[in-house]
Amino acid sequence: QRRRRNAPCSPAVRMSRSTRLREIRSRSEADDEDGTPHPIDALIDWAWRAPKERAGDDVLRLTATFLCWCLATPNRRIRDRATRALAAVLLERPTLFSDLLARFVGVDDPYVLERLLAAAYGMACASLTRPDVLAGLASAVFHHVFADGRPPVHLLVRDFARGTVEVAAIHGALGPGI
C-alpha cells in the first residue's frame, strides 16, 4: 500500500477520483471502434507535439492541470506520456509552473509530485540558455519542496527537485533566498 502524504481529500472524493482514474486507464488503452484515438490520448498527443505558441494561457493552464491529474493514473504508459506532454506545455509557458506546483504539491498521490518535478527537471535541462526560466523553476521548487527544512522521503521527488535547483545553480540562475 502506498504511503499517503497529506490527505486533503475526504475518502469519498478519493474514491471518486480513483474510480475516474481507473476509467481513464481502461478507456485510453484502446482506440474507439472507428480507429480514432481516445480523447485522452488525443489531448496528450496535442500537448506533446503540436505547436502551442498561439494557444492562450487559459488553454495551456487547463491542459497542464489535466495532464497533472493524468499523472495519478496507475497506467505507466499514460503517466510517461503525460509527463513529457506536461514538460512540453510548460516549456511554452514556464510562468504556469509555480502556480501548478502550488496546487499539486499537497496531492496525496506520490506519482503526481514525482512526475511534476520530473517535468520541471526536464524543463530546466531544456532551458539552459534561459536564466529567467531556470530562476523561476528553482525558486518554485526550492520554496515548495526544501524551504521548510524537511525534504520529502520519496527519493525521486527529492532527486528531481535537487536536480532542478542544481541546474539553475550551475548556470548562475539562482534567485535570492535559495
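The values are calculated or read from the model by the stated rules, or taken from the named source; none is laboratory data. The structure presented is a predicted model; accordingly, all values stated were derived computationally and were not measured. Glycine also receives a Cβ, built like all others from the backbone with ideal geometry; neighbour counts cover every protein chain displayed. The area values use the complete protein model at the heavy-atom level, side chains included, leaving out ligands, DNA and RNA. Shrake-Rupley method; radii C 1.70, N 1.55, O 1.52, S 1.80 Å.
A count restricted to segment 43-69 and to residues that are part of a loop (DSSP other than H, G, I, E, B) and open to solvent by 50 Å² or more (accessible area, probe 1.4 Å) stands at 3.
If you check E166 against the conditions, is it over 21 Å from A85 (Cβ atoms) and in a helix (DSSP H, G or I)? When the stated conditions are applied, E166 passes them. For segment 85-116, enumerate the residues that are within 14 Å of T65 (Cβ to Cβ) and either among the charged types (D, E, K, R) or touching a strand residue (DSSP E or B) at 6+ places or on another chain (Cβ under 8 Å) (or both). Result: R93, D99, R103, R115. For segment 158-176, check the following and say yes or no: at least one residue is touching a residue at least 12 places away in the same chain (Cβ under 8 Å), in contact with a Gly (Cβ under 7 Å, 6 or more places away or on another chain) and not basic (K, R). Checked against the condition, which is being touching a residue at least 12 places away in the same chain (Cβ under 8 Å), in contact with a Gly (Cβ under 7 Å, 6 or more places away or on another chain) and not basic (K, R), segment 158-176 yields no hits at all. Counting only residues that are surrounded by fewer than 18 Cβ atoms within 10 Å (Cβ to Cβ) and either assigned to a helix (DSSP H, G or I) or β-branched (V, I, T) (or both), segment 70-83 holds 3 of them. Within segment 136-173, the set of residues being of a type in the set (D, E, K, R) and buried (at least 17 other Cβ atoms within 10 Å of the Cβ) comprises R162 only. Please go through segment 109-118 and give me each residue that is acidic (D, E) and either open to solvent by 20 Å² or more (accessible area, probe 1.4 Å) or touching a helix residue (DSSP H, G or I) at 6+ places or on another chain (Cβ under 7 Å) (or both), ordered by number. Of everything in segment 109-118, just one residue is acidic (D, E) and either open to solvent by 20 Å² or more (accessible area, probe 1.4 Å) or touching a helix residue (DSSP H, G or I) at 6+ places or on another chain (Cβ under 7 Å) (or both), namely E114. What are the residues in segment 56-84 that are at pLDDT below 90 and among the hydrophobic types (A, V, I, L, M, F, W, C), if any? Passing the criteria: none in range. Across segment 120-148, the qualifying residues are those that are in a helix (DSSP H, G or I) and hydroxyl-bearing (S, T, Y), and the one among them that is farthest from L96 (Cα to Cα) is Y121.
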